[in-house]
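Trainee: Sharing a structure below in structure tokens format, with a few things to ask.
The values are calculated or read from the model by the stated rules, or taken from the named source; none is laboratory data. Note that this is a predicted model, so its numbers are computed, not measured. So basically every Cβ, Gly included, is an ideal-geometry build from the backbone, and we count neighbours across all protein chains shown.
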Amino acid sequence: RVLELGPIVDGLRVVKSGLAVTDNVIIAGVQRAHAGAPVKIVQGRIVPPDPGSAPTMPSFTEPPATSATSASAAR
């Protein structure tokens, strides 16, 4: 599915289009989600981060890396 993302507002990313009102969204534990994994749907609440806290996810406005380096090349 393709989502059209908007700006970050109050520390949360705006989804401009691509979601239906009836869609479920993972708001915690996304690192455990993979195709075929069992899912338990529970109601949750998205809470904006504290204004003084450090960001926990990389910003989408950072420029991409210019090149990749393999782990063996760093030795």
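Trainee: Return the pairs, sorted by first residue and then second, in which the second residue is of a type in the set (A, V, I, L, M, F, W, C) and surrounded by 10 or more Cβ atoms within 10 Å (Cβ to Cβ), the first residue lies in region 1-25 and is in contact (Cβ under 8 Å) with a residue 24 or more places away in the chain and part of a loop (DSSP other than H, G, I, E, B), the beta carbons are less than 7 Å apart, and the residues are 6+ apart or on different chains.
Mentor: Every condition considered, no pair remains.
Trainee: While we're on this one: Name the one entry in Ala37, Ala33, Ala54, Ala20 that is among the hydrophobic types (A, V, I, L, M, F, W, C), out of contact with any Leu (no Cβ under 8 Å at 6 or more places or on another chain), exposed (fewer than 10 other Cβ atoms within 10 Å of the Cβ) and at pLDDT below 85. First the steps, then the outcome.
Mentor: Details: Ala37 fails: at pLDDT below 85; Ala33 fails: at pLDDT below 85; Ala20 fails: at pLDDT below 85.
The unique qualifying residue is Ala54.
Trainee: Identify all residues within region 26-40 that are part of a loop (DSSP other than H, G, I, E, B) and under 22 Å from Val15 (Cβ atoms); write none if there are none.
Mentor: Taking region 26-40 first, the residues part of a loop (DSSP other than H, G, I, E, B) are 26-29, 33-40.
Answer for region 26-40, where residues must be part of a loop (DSSP other than H, G, I, E, B) and under 22 Å from Val15 (Cβ atoms): Ile26, Ile27, Ala28, Gly29, Ala33, His34, Ala35, Val39.
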